[in-house]
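A.B. asks: Quick one: this structure, given as structure tokens, is what I'll be asking you about.
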Amino acid sequence: MVLIRTVEELQQLVGSLAGTPTLAVDTESDSFFHYYEKVCLLQLADAEGRAALVDPLSVRDLSALGPLMADPAVEKIVHGGDNDIALLKRDFGFSFASVFDTQTAARFCGRTEFGLQALLESEFSVHHSKELQRCDWTRRPLSPAQEKYASDDVLHLRALAQRLREELRGIGREA
């Protein structure tokens, strides 16, 4: 996991993501602590399983990531990504193409539990605690526990998407 806090680090990250077929995407925001919600952390994981945490409170201009988000050749994998995508569009002007939402896929598979924690537990026996979900993500520096929590939110999304896509294909609901 790498923490991105400068424009130079962001440019290096974007260069390292060139050619990735998938990009897991998640955000942490401050909606529980501030009236005007904003993105406080952007988590990414590439097809190789390398996670990056981008700090938009340090790097205000994330436009270098815009082409990746809009690229239809790069599948963006999210979990319950409606709010994440809306915030990224509003705060950074991103547009999105080729999005796969694992929460939506789980619903189409007929799952009755479709939260990320429940899906990771049932599919991979991975326990992903959501205890830090509602912490104040504006506070810096991030603790090691916050960094682990945030990177864990994206590290398993690609494998989860593959599993759910296979299940959808098997029941004739992939489209």
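A.B. asks: Taking interchain pairs and intrachain pairs at least six residues apart, which have beta carbon atoms under 8 angstrom, with the first residue in the range 107-120 and farther than 15 Å from residue 159 by Cα and among the aromatic types (Phe, Trp, Tyr) and the second in a loop (DSSP other than H, G, I, E, B) and open to solvent by 20 Å² or more (accessible area, probe 1.4 Å)?
C.D. replies: So the pair list comes out as 108/173.
A.B. asks: Related question: When you scan the range 83-168 for helices (runs of 4 or more DSSP H) that lie fully inside it, which ones turn up with 3 or more residues that are open to solvent by 30 Å² or more (accessible area, probe 1.4 Å) and under 25 Å from residue 58 (Cα atoms)? Let's see the steps before the verdict.
C.D. replies: On the way: elements: 102-108, 116-124, 144-155.
Helices (runs of 4 or more DSSP H) meeting the threshold: 144-155.
A.B. asks: Since residue 25 meets every condition but one in (1) open to solvent by 30 Å² or more (accessible area, probe 1.4 Å); (2) in contact with a Gly (Cβ under 8 Å, 6 or more places away or on another chain); (3) of a type in the set (A, V, I, L, M), which condition does it not meet?
C.D. replies: The one condition residue 25 does not meet is (1).
A.B. asks: Just to check your reading of the model, which residue among 59, 78, 74 is surrounded by fewer than 22 Cβ atoms within 10 Å (Cβ to Cβ), among the aliphatic types (A, V, I, L, M), farther than 13 Å from residue 17 by Cβ and in contact (Cβ under 8 Å) with a residue 40 or more places away in the chain?
C.D. replies: On the way: 78 fails: surrounded by fewer than 22 Cβ atoms within 10 Å (Cβ to Cβ); 74 fails: farther than 13 Å from residue 17 by Cβ.
After applying the criteria, what remains is 59.
A.B. asks: Please count how many residues of the range 99-143 are among the hydroxyl-bearing types (Ser, Thr, Tyr) and within 18 Å of residue 85 (Cβ to Cβ). Break it down stepwise before answering.
C.D. replies: Residues of the range 99-143 that are among the hydroxyl-bearing types (Ser, Thr, Tyr), as a first pass: 102, 104, 112, 122, 125, 129, 138, 143.
The next check asks that each one be within 18 Å of residue 85 (Cβ to Cβ); those that pass are 102, 104.
Going through the range 99-143 one residue at a time, the tally reaches 2.
A.B. asks: For the range 127-175, give me each residue that is small (Gly, Ala, Ser) and closer than 19 Å to residue 41 by Cβ.
C.D. replies: Filtering the range 127-175 down to residues small (Gly, Ala, Ser) leaves 129, 143, 145, 150-151, 159, 161, 170, 172, 175.
The answer is 129, 143, 145, 150, 151.
The values are calculated or read from the model by the stated rules, or taken from the named source; none is laboratory data. Quick caveat, the model's predicted, so the values are computed rather than measured. Ideal geometry is used to build each Cβ from the backbone, glycine not excepted, and the neighbour counts take in all protein chains shown. These accessible areas exclude ligands, DNA and RNA; they are computed on the full protein's heavy atoms, side chains included. Shrake-Rupley method; radii C 1.70, N 1.55, O 1.52, S 1.80 Å.
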